[in-house]
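Trainee: Could you have a look at this structure, given as structure tokens, before my questions?
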Amino acid sequence: MRRIRVAAVGAVTLSLVLGAAACGGGSTDGSGSNEQPKTLTYWASNQGSSLEVDKQVLQPELDKFEKQTGIKVKLEVVPWGDLLNRILTATTSGQGPDVLNIGNTWSASLQASGALLPWDAKNFEKIGGRDKFVESALGSTGVQGQDPAAVPLYSMAYALYYNKKAFADAGVAKPPTTWDEVIATGKQLTKDGKAGLGVEGSNLSNNIHQVFVLGKQHGADFFTADGKADFTSDGAVKAVKQYVDLMADAQIVAKGNAEYSQNQSLSDFAKGKTAMVLWQTASATFAAQGMKEDEWGVVPAPVQSGAPGTGTSTNSMVAGINMAVFKNTKNIDGATKFVNFMTGDEEQKVLNKAYGSIPPVKSAQTDPAFNTPGLAVLRDTLAKSASALPQVPEESQFETVVGTAVKELFADAAAGRPVTLESVKAKLEKAQQQMPKK
Amino acid sequence: MTTTAPPRTGKRTVRKDHPGAAPRTRRPGRLRRISLPYLLLLPALVLELLVHLIPMVIGIVVSFKELTQFYLRDWSNAPWSGLDNYSLTVDFDAPVGEALLSSFFTTCLFTFFSVGLCWLIGTAAAIFMQETFRGRGILRTIFLVPYALPVYAAVITWAFMFQRDNGLVNHVIHDQLGLTDSPPFWLIGDNAFITLLVVSVWKGWPFAFLIMMAGLQNIPREIYEAAALDGAGVWQQIRRITLPSLRPVNQVLILVLFLWTFNDFNTPFVLFGKSAPASADLISIHIYQSSFQTWNFGTGSAMSVLLLLFLLVVTGLYLLFTSRGRSATDA
């Protein structure tokens, strides 16, 4: 009897173990089903000033969707820092949400994993067609020539925010339009413990956005046309050095900025400690920090010379959030309906107004609410002078390794160590060799 | 002596008295005796299998695979890459190996100082607390607070305190005491090592203190009294009685502290985020970055396997030497 019991316990254990091992193997079934047509799980990225704010913004819209379709959407707002890891885990385990937000720069990387539903013509048709979206926003939804892995939800662009009072006090008549002017103006403004410009030296993604744009201005892309890492080209080295030199050489950035990674540069700006900051759609954050709308101004981010435009006059990356569907969803029809709902005119206006972003949906973009002076700058930048980050599967690694290299260079600058073309090149070389071999 | 017969002898007697019945009635009892320990161990074994062994085997398998984002969804079918991950990891002239080696040395140095200081402070505090004095209970509770606090909450508080411009540390040493010309950075650059060490020791020494206190309770007071009568001073008592008596406790304590510190992930991760400064780039963070930040899970796994081998060898040697030393002194 007892032996049988022992054997039974053993068998149960073994089946548990094998079951667990099999679960770990990840589900590899093809596209989604309609097994659970009444519910959806939605991972929203944190867009507002807190997770609570996001819930307050999104929940009424989700209730509206439930009323229209009878589908209940379970919402989870995921903090930005956790989102990519959560997606990776969901991808390997096969246990993810049905619909999720992704940073648009990750599109190609996540597309490579094969976990996201491809938006082919048939799927696009269900949400009103590809033409409903602004072309530049579609530029960061996946590798060119392949069906997008996601659709654009909120669009953002970089601009130069400046403190009007600080400018008036220092006798600066107009905001800078070129980098030379940024430095000259910054020097005028850097005094009495205040700094001309704020940066987020330890924020890897932000570092990447800034040096990518500067790279474009120096004719460098960080990836070759066939998708190989190319971090050490002259243009790339110059771009990184130019960015770090704002602290190391021009000294218009306070040294403390080297350790910023939690948007402290925005707080500094709101408190009047720095006079300028290069940011994407920052108005909601400034308002949340108690700054009144007439206290700051917005102008296009600087270029090397002339006016912003495509090519070497690029002055922003195409920033924004995309919406994707996990391929193995058990409510594929509901998921597509939900994407259609969220990218519909009405929701686009509500949500983008709440987040201070620009609708990537053409018809919603014409709403007068997005034509305020501040938002018009962002809209024009997106339309005319923004470039999408390289749409290669290794984009996510690029953010990590080059972002870290820039962070280390800022640390050098803050410690008073020289930042030279050689030291920049060495850091970028090291970063490039850390990229996985194809 | 003979009145309380041990059970074994008793068993034999019974068998002699009832030769035929004994095997039938006793066998289930014996089976129970034999299988009971295994049954009791079973839950732990199952959990051990699920939590440690299976992931470990998967990790070893992955270390021989080319697992990047391209195979993430169907990772068990990622192509085999032979020893490529290992050769990349141990090629110390190339950046991946070079960075790993530097991270390894940083971790060794960090572990040496952290374990050493934890042990020293823990032991000193435990010996100090042997004396009875007013407020001893309260002090003992305060000493254990860092050990009782949730790691994340404690370390994030340290991270705030070490901020350059708004942190308490610089407020004290720069603003109030004027010890530095300009406020130093603690979370980036070379000082990050010191920051990490401070937080690690703050977090780790109460455990040493707790174990040492337990160890000290086991030393009979009479030995100290006898030594005092023979004229031994406090320092001599510590050196000749306390420390030798604590040897077995120390052996375990140092090993545990070593393993915990060497593998510590939470402290650097909460302090520095996803990419630690080079001076504080502990191996656990380094492996995390290689796996989860650059999505090179094969290489990350190879690094983990090498780390596991290293820790196994060090632990084995440590146990060999310390137990050899102990048997020599015992003899």
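The values are calculated or read from the model by the stated rules, or taken from the named source; none is laboratory data. Here the structure is a predicted model, which is why all the values come from computation and not from measurement. Reconstructed Cβ throughout: ideal geometry from the backbone, glycine too, with neighbour counts over all protein chains shown.
Residue-wise test of (1) of a type outside the set (Gly, Ala, Ser); (2) over 24 Å from B:Ala280 (Cα atoms); (3) modelled with pLDDT under 90.
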residue: A:Ala376; (1), (2), (3): no, yes, no
residue: A:Phe398; (1), (2), (3): yes, no, no
residue: A:Glu408; (1), (2), (3): yes, no, no
residue: A:Ala415; (1), (2), (3): no, no, no
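Trainee: Those residues that are buried (at least 24 other Cβ atoms within 10 Å of the Cβ), small (Gly, Ala, Ser) and out of contact with any Lys or Arg (no Cβ under 8 Å at 6 or more places or on another chain), I need them from the stretch A:262-286; list them, please.
Mentor: Matches in the stretch A:262-286: A:Ser265, A:Ala282.
Trainee: While we're looking at this one, here's another question. Exactly one condition in (1) more than 9 Å from every other protein chain (Cβ to nearest Cβ); (2) under 32 Å from the mean Cα position of the chain (by Cα); (3) at pLDDT below 90; (4) under 27 Å from A:Ser396 (Cβ atoms) is not met by B:Ile60; state its number.
Mentor: Tallying (1) more than 9 Å from every other protein chain (Cβ to nearest Cβ); (2) under 32 Å from the mean Cα position of the chain (by Cα); (3) at pLDDT below 90; (4) under 27 Å from A:Ser396 (Cβ atoms), B:Ile60 fails exactly one: (3).
Trainee: Follow-up. Select, from B:Gly116, B:Gly189, B:Gly122, the only residue that is part of a helix (DSSP H, G or I) and buried (at least 16 other Cβ atoms within 10 Å of the Cβ).
Mentor: Working: B:Gly116 fails: buried (at least 16 other Cβ atoms within 10 Å of the Cβ); B:Gly189 fails: part of a helix (DSSP H, G or I).
Answer to the check: B:Gly122.
Trainee: Being surrounded by 19 or more Cβ atoms within 10 Å (Cβ to Cβ) and under 26 Å from B:Thr294 (Cβ atoms) is the filter here, so list the residues in the stretch B:235-268 that pass it.
Mentor: The answer is B:Thr261, B:Phe262, B:Asp264, B:Thr267, B:Pro268.
Trainee: Of all the residues that make up the stretch A:61-84, how many are assigned to a strand (DSSP E or B) and either aromatic (Phe, Trp, Tyr) or touching a helix residue (DSSP H, G or I) at 6+ places or on another chain (Cβ under 8 Å) (or both)? Walk me through how you get there before you give the answer.
Mentor: The first filter runs over the stretch A:61-84 and keeps only residues assigned to a strand (DSSP E or B), leaving A:72-78.
Right, trim to either aromatic (Phe, Trp, Tyr) or touching a helix residue (DSSP H, G or I) at 6+ places or on another chain (Cβ under 8 Å) (or both) and you get A:72-73, A:75, A:77-78.
Residues in the stretch A:61-84 being assigned to a strand (DSSP E or B) and either aromatic (Phe, Trp, Tyr) or touching a helix residue (DSSP H, G or I) at 6+ places or on another chain (Cβ under 8 Å) (or both): 5 in total.
Trainee: Being surrounded by 20 or more Cβ atoms within 10 Å (Cβ to Cβ) and under 20 Å from A:Gln47 (Cβ atoms), is that true of even one residue in the stretch A:220-243?
Mentor: Looking through the stretch A:220-243, none of the residues is surrounded by 20 or more Cβ atoms within 10 Å (Cβ to Cβ) and under 20 Å from A:Gln47 (Cβ atoms).
Trainee: Related question: Six or more apart or on different chains, Cβ atoms under 6 Å: show the pairs whose first residue is in the stretch B:284-307 and under 8 Å from B:Ser63 (Cα atoms) and facing chain A (nearest Cβ under 8 Å) and whose second is in a helix (DSSP H, G or I) and among the hydroxyl-bearing types (Ser, Thr, Tyr).
Mentor: Filtered contacts from the stretch B:284-307: B:Thr299/B:Ser290.
Trainee: Filter the stretch B:71-85 down to the residues that are in a helix (DSSP H, G or I) and crowded, with 19+ Cβ neighbours inside 10 Å, then identify the one that is modelled with the highest pLDDT. Spell out how you get there, then give the answer.
Mentor: Let us first name the residues in the stretch B:71-85 that are in a helix (DSSP H, G or I), namely B:71, B:75-77, B:84-85.
Next, only the ones that are crowded, with 19+ Cβ neighbours inside 10 Å stay: B:71, B:75, B:85.
Numbers: B:Tyr71: 86, B:Trp75: 82, B:Asn85: 92.
So, considering only residues that are in a helix (DSSP H, G or I) and crowded, with 19+ Cβ neighbours inside 10 Å, the one modelled with the highest pLDDT is B:Asn85.
Trainee: Which ones in the stretch A:413-427 are of a type outside the set (Val, Ile, Thr) and under 18 Å from A:Ile208 (Cβ atoms)?
Mentor: Looking only at the stretch A:413-427, we keep the residues that are of a type outside the set (Val, Ile, Thr), and these are A:413-418, A:421-423, A:425-427.
Scanning the stretch A:413-427 gives A:Ala413, A:Lys425, A:Lys427.
Trainee: Working carefully through the options A:Ala376, A:Ala388, A:Ala354, find the one that is among the hydrophobic types (A, V, I, L, M, F, W, C), more than 29 Å from A:Asp221 (Cβ to Cβ) and away from every other protein chain (no Cβ under 14 Å). Walk me through how you get there before you give the answer.
Mentor: Values: A:Ala376 fails: more than 29 Å from A:Asp221 (Cβ to Cβ); A:Ala388 fails: more than 29 Å from A:Asp221 (Cβ to Cβ).
That would be A:Ala354, the only listed residue that is among the hydrophobic types (A, V, I, L, M, F, W, C), more than 29 Å from A:Asp221 (Cβ to Cβ) and away from every other protein chain (no Cβ under 14 Å).
Trainee: Can you give me the number of residues within the stretch A:263-320 that are more than 24 Å from A:Leu382 (Cβ to Cβ) and under 20 Å from the mean Cα position of the chain (by Cα)?
Mentor: 2
Trainee: A follow-up question, please. Does B:Gln237 qualify as being touching a helix residue (DSSP H, G or I) at 6+ places or on another chain (Cβ under 9 Å) and either under 23 Å from B:Lys274 (Cβ atoms) or away from chain A (no Cβ under 14 Å) (or both)? Talk me through it step by step, then tell me what you get.
Mentor: On the way: touching a helix residue (DSSP H, G or I) at 6+ places or on another chain (Cβ under 9 Å): yes; either under 23 Å from B:Lys274 (Cβ atoms) or away from chain A (no Cβ under 14 Å) (or both): yes.
The answer is yes for B:Gln237.
Trainee: Please verify whether the stretch A:299-317 includes one or more residues that are closer than 21 Å to A:Lys191 by Cβ, surrounded by fewer than 21 Cβ atoms within 10 Å (Cβ to Cβ) and modelled with pLDDT of 90 or more.
Mentor: No: the stretch A:299-317 contains no residue that is closer than 21 Å to A:Lys191 by Cβ, surrounded by fewer than 21 Cβ atoms within 10 Å (Cβ to Cβ) and modelled with pLDDT of 90 or more.
Trainee: Quick one: A:Tyr158 ticks every box in (1) buried (at least 18 other Cβ atoms within 10 Å of the Cβ); (2) of a type outside the set (S, T, N, Q); (3) more than 17 Å from the chain's Cα centre (by Cα) except a single one, so which number is it?
Mentor: That leaves (3) as the condition not met.
Trainee: Let me ask something else. I'm checking my understanding of the structure. Among residues of the stretch B:159-193 that are in contact (Cβ under 8 Å) with a residue 60 or more places away in the chain and closer than 15 Å to B:Phe269 by Cα, which one is farthest from the other protein chains (Cβ to nearest Cβ)?
Mentor: At the first step, the residues of the stretch B:159-193 found to be in contact (Cβ under 8 Å) with a residue 60 or more places away in the chain are B:159, B:162, B:187-193.
So of that shortlist, the ones also closer than 15 Å to B:Phe269 by Cα come out as B:159, B:162, B:187-188, B:192-193.
Working: B:Ala159: 10, B:Phe162: 9, B:Leu187: 5, B:Ile188: 4, B:Ala192: 9, B:Phe193: 13 Å.
Among those residues, the one meeting the criterion is B:Phe193.
Trainee: Out of the stretch A:414-438, which residues are more than 8 Å from every other protein chain (Cβ to nearest Cβ) and buried (at least 23 other Cβ atoms within 10 Å of the Cβ)?
Mentor: Scanning the stretch A:414-438 gives A:Val424, A:Lys427, A:Leu428, A:Ala431.
Trainee: Quick one: in the stretch A:153-202, of everything that is hydrophobic (A, V, I, L, M, F, W, C) and within 14 Å of another protein chain (Cβ to nearest Cβ), which residue is nearest to A:Leu409 (Cα to Cα)? Quick ask: steps written out before the conclusion?
Mentor: Step one: filter the stretch A:153-202 for residues hydrophobic (A, V, I, L, M, F, W, C), giving A:153, A:156-157, A:159-160, A:166-168, A:170, A:172-173, A:179, A:182-184, A:189, A:195, A:197, A:199.
This time we only want the ones that are within 14 Å of another protein chain (Cβ to nearest Cβ), so: A:195, A:199.
On the way: A:Ala195: 19, A:Val199: 13 Å.
Ranking the qualifying residues of the stretch A:153-202, first place goes to A:Val199.
Trainee: Still on this structure, please answer the following. How about the stretch A:131-155: which of its residues are over 25 Å from B:Arg73 (Cβ atoms) and surrounded by fewer than 16 Cβ atoms within 10 Å (Cβ to Cβ)? It would help to see each step written out before you state the result.
Mentor: Within the stretch A:131-155, the first condition is being over 25 Å from B:Arg73 (Cβ atoms), and the residues that meet it are A:131-137, A:154-155.
Listed by number, the residues that qualify are A:Asp131, A:Glu135.
Trainee: Would you mind telling me which numbered condition in (1) farther than 30 Å from A:Asn371 by Cα; (2) in contact with a Leu (Cβ under 9 Å, 6 or more places away or on another chain); (3) of a type in the set (S, T, N, Q) A:Gln289 fails?
Mentor: (1)
Trainee: If you don't mind, another one. So which of B:Asn296, B:Asn263 ends up being within 30 Å of B:Phe310 (Cα to Cα) and at pLDDT 90 or above?
Mentor: B:Asn263
Trainee: Looking at A:Gly215, A:Gly227, can you tell me which residue is at pLDDT 95 or above and more than 26 Å from A:Pro373 (Cα to Cα)?
Mentor: On the way: A:Gly227 fails: at pLDDT 95 or above.
None of the other options fit; the residue is A:Gly215.
Trainee: Got at least one residue in the stretch B:86-93 being within 32 Å of the chain's Cα centre (by Cα), at the interface with chain A (Cβ under 10 Å from one of its Cβ atoms) and closer than 30 Å to A:Val392 by Cβ? If you could, list the steps in order and put the result at the bottom.
Mentor: So in the stretch B:86-93, the residues within 32 Å of the chain's Cα centre (by Cα) come out as B:86-93.
Going one step further and asking which of them are at the interface with chain A (Cβ under 10 Å from one of its Cβ atoms), we end up with B:88.
Narrowing further to those that are closer than 30 Å to A:Val392 by Cβ: B:88.
Within the stretch B:86-93 (the criterion being within 32 Å of the chain's Cα centre (by Cα), at the interface with chain A (Cβ under 10 Å from one of its Cβ atoms) and closer than 30 Å to A:Val392 by Cβ), the answer is yes, since at least one residue qualifies.
Trainee: So which of B:Leu312, B:Leu317, B:Leu271, B:Leu257 is modelled with pLDDT of 90 or more, touching a helix residue (DSSP H, G or I) at 6+ places or on another chain (Cβ under 6 Å) and over 30 Å from A:Gln397 (Cβ atoms)? It would help to see each step written out before you state the result.
Mentor: Details: B:Leu312 fails: touching a helix residue (DSSP H, G or I) at 6+ places or on another chain (Cβ under 6 Å); B:Leu317 fails: touching a helix residue (DSSP H, G or I) at 6+ places or on another chain (Cβ under 6 Å); B:Leu271 fails: over 30 Å from A:Gln397 (Cβ atoms).
None of the others qualify; the one that does is B:Leu257.
Trainee: Going by the conditions given, is B:Leu229 more than 23 Å from the chain's Cα centre (by Cα) and either within 19 Å of B:Phe110 (Cβ to Cβ) or surrounded by fewer than 11 Cβ atoms within 10 Å (Cβ to Cβ) (or both)? Reasoning before the result, please.
Mentor: On the way: more than 23 Å from the chain's Cα centre (by Cα): yes; either within 19 Å of B:Phe110 (Cβ to Cβ) or surrounded by fewer than 11 Cβ atoms within 10 Å (Cβ to Cβ) (or both): yes.
Yes: the conditions hold for B:Leu229.
Trainee: Further question on the same structure: Assess whether A:Val325 counts as being surrounded by 20 or more Cβ atoms within 10 Å (Cβ to Cβ), at pLDDT 95 or above and within 19 Å of A:Val143 (Cβ to Cβ).
Mentor: Considered against the rule, which asks whether it is surrounded by 20 or more Cβ atoms within 10 Å (Cβ to Cβ), at pLDDT 95 or above and within 19 Å of A:Val143 (Cβ to Cβ), A:Val325 comes out as yes.
Trainee: Hey, among B:Pro206, B:Pro268, which residue is in a helix (DSSP H, G or I), in contact (Cβ under 8 Å) with a residue 40 or more places away in the chain and over 30 Å from A:Leu83 (Cα atoms)?
Mentor: None of the others qualify; the one that does is B:Pro206.
Trainee: Among (1) surrounded by 15 or more Cβ atoms within 10 Å (Cβ to Cβ); (2) at pLDDT below 50, there is one condition A:Arg5 misses while meeting the rest; what is its number?
Mentor: For A:Arg5, the failing item is (1).
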